[in-house]
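Participant: Pasting a structure below so you can have a look.
Each reported figure results from applying straightforward, stated rules to the coordinates on display, with no laboratory input. This is a predicted model, so every value here is computed, not measured. Note that each Cβ is placed from the backbone with ideal geometry, even for glycine, and that neighbours are counted across all protein chains shown.
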Amino acid sequence: PQGATLLGTILSSDKTNISVLTGDHVAHPLLVSLANIHMNTRLKSSTNSFMLTALLPVPKFLHKNKRLHGILADRLVHQCLDIVLKPLKEATLHGTMLSDPVGQSRYCFTPLASYIVNTPD
């Protein structure tokens with residue numbers, strides 16, 4: 001619609017050990033940022049350009065079939081992403097009112113511009 005603001009979003013995820021107080025568990029932290037932040041600024045950790053949205057699980061399976069492990073793990077991650085990103089998907093389709101840096105309300109749409117994933121070696 002005329003006057004709406006487009007806020008492209010960037011998701012990032014990488015397998016990380018979270019050993020403090022968790023008993024040496026592993027998870028995929030899901031981070032979100034805005035695409036209109038310059039890359040040099042976004043990549044500096046001191047700018048806090050990425051916000052932790054969720055910790056996606058890395059399951060351990062008892063079944064011996066390795067192919068089945070991959071299929072089940074992928075399915076679990078996609079189900080978790082559907083749940084966590086539901087508000088973002090709704091804002092992409094229907095828009096949502098957000099406050100800009102000046103404090104004015106703007107009608108915004110939040111399409112996914114990029115998903116940065118570190119795939120397993």
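Participant: Nearest 5 percent is fine: what portion of the DSSP beta bridges confined to the chain is antiparallel?
Facilitator: Working: 18 of 25 bridges.
Percentage antiparallel, nearest 5: 70.
Participant: Follow-up question, since we're still on this one. Under 23 Å between alpha carbons: how many lysine pairs meet that in the chain, if sequence neighbours fewer than 8 apart on the same chain are excluded? If you can, show how the numbers build up before the last one.
Facilitator: Numbers: K15/K44; K15/K60; K15/K64; K15/K66; K15/K86.
Lysine pairs, 8 or more places apart or on different chains, close enough: 5.
Participant: Right, here's the next one. By the scheme Lys and Arg +1, Asp and Glu -1, what is the net charge of all other residues having a beta-carbon under 14 Å from that of T92?
Facilitator: On the way: positive: K86, K89; negative: D82, E90.
Residues close to T92 contribute a combined charge of 0.
Participant: For the stretch 46-117, which chymotrypsin sites (Phe, Trp or Tyr not before Pro) are both in a DSSP coil and crowded by at most 14 other Cβ atoms within 10 Å? Please list the in-between numbers first.
Facilitator: Values: sites: F50, F61, Y107, F109, Y115; in loops: F50, F61.
In loop regions of the stretch 46-117 (DSSP not H, G, I, E or B), the sparsely surrounded chymotrypsin sites (Phe, Trp or Tyr not before Pro) are F61.
Participant: Based only on Cα atoms, what mean projected area does the convex hull of the stretch 1-72 have, in nm²? Don't skip to the answer; put the middle values down first.
Facilitator: Working: hull surface 32.6 nm².
Seen from a random direction, the Cα hull of the stretch 1-72 projects 8.2 nm² on average.
Participant: If you keep only loop residues by DSSP, which trypsin sites (Lys or Arg not before Pro) in the stretch 1-92 have at most 15 other Cβ atoms within 10 Å of their Cβ? Intermediate values should be presented prior to the final figure.
Facilitator: Numbers: sites: K15, R42, K44, K60, K64, K66, R67, R75, K89; in loops: K15, K44, K60, K64.
Within the stretch 1-92, the qualifying trypsin sites (Lys or Arg not before Pro) (loop, at most 15 other Cβ atoms within 10 Å) are K15, K44, K60, K64.
Participant: So who's got an amide H within less than 5 Å of the one on T9, skipping anything under 5 residues away but keeping other chains? H placed 1.01 Å off N, in plane.
Facilitator: A35, L112, A113, S114
Participant: Give me a comma-separated list of calculated 3J(HN,Hα) values for the stretch 38-44, in order, Karplus coefficients 6.51, -1.76, 1.60 applied at θ = phi - 60°, integers in Hz, x for any Gly or Pro.
Facilitator: Couplings: 4, 4, 4, 6, 4, 7, 7 Hz.
Participant: So, with +1 on the Cβ of K and R and -1 on the Cβ of D and E, and no other charges, what is the size of the charge dipole of the chain about its Cα centre, to the nearest 20 debye?
Facilitator: So the magnitude is around 300 debye.
Participant: Would you mind giving the average projected area, over all directions, of the Cα convex hull of the chain in nm² with one decimal? Spell out each step's value before the answer.
Facilitator: On the way: hull surface 40.4 nm².
Averaging across all directions leaves 10.1 nm² for the Cα convex hull.
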